[in-house]
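To start, the structure itself, in structure tokens.
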Amino acid sequence: MLNKKDLLAGFGKIKIESDTIVVHTSYKSLGGVEGGVDTVIDVMQELIGKDGTVLSLHLIFNRGRRRIILT
């Protein structure tokens, strides 16, 4: 199971040089994180700074029809 330190080290390797990032991933693909999705969000915010912006794409399936919602 990953923790905040693991995520910071891993994401830190990609050298983010912006205060705006777009995240497109499956939470399940991380294989478990101590503190859950809140920890992942905290890490993203820490990487880009307090005034940064994190954008993520969410797919919601409704009766076989895919709706795309940006949040």
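Counting just the residues of region 21-36 that are β-branched (Val, Ile, Thr) and modelled with pLDDT under 90, which one comes out surrounded by the most Cβ atoms within 10 Å (Cβ to Cβ)? Lay out the reasoning, then the answer.
Step one: list which residues in region 21-36 are β-branched (Val, Ile, Thr), which gives 21-23, 25, 33.
The next check asks that each one be modelled with pLDDT under 90; those that pass are 21-23, 25.
Numbers: Ile21: 17, Val22: 11, Val23: 12, Thr25: 10.
Out of the qualifying residues, it is Ile21.
Considering every residue within region 51-66, establish whether at least one is in contact with a Gly (Cβ under 8 Å, 6 or more places away or on another chain) and either at pLDDT 90 or above or surrounded by 14 or more Cβ atoms within 10 Å (Cβ to Cβ) (or both).
Among the residues of region 51-66, not one is in contact with a Gly (Cβ under 8 Å, 6 or more places away or on another chain) and either at pLDDT 90 or above or surrounded by 14 or more Cβ atoms within 10 Å (Cβ to Cβ) (or both), which makes the answer no.
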Discussion item. Can you find a residue that is in a helix (DSSP H, G or I) and among the hydroxyl-bearing types (Ser, Thr, Tyr) anywhere in region 42-62?
Written reply: no
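Consider region 1-17. How many of its residues are assigned to a loop (DSSP other than H, G, I, E, B) and either surrounded by 10 or more Cβ atoms within 10 Å (Cβ to Cβ) or modelled with pLDDT of 95 or more (or both)? Break it down into steps so the answer makes sense when it comes.
In the first step, residues of region 1-17 are kept if they are assigned to a loop (DSSP other than H, G, I, E, B); the result is 1, 3, 13-17.
Pick out the ones that are also either surrounded by 10 or more Cβ atoms within 10 Å (Cβ to Cβ) or modelled with pLDDT of 95 or more (or both) and you get 3, 16.
Adding up the residues that qualify gives 2.
The values are calculated or read from the model by the stated rules, or taken from the named source; none is laboratory data. This one's a predicted model, so the numbers in the text were calculated from it and none came from an experiment. Here Cβ is always computed from backbone atoms with ideal geometry, including for glycine, and neighbour counts include all displayed protein chains.
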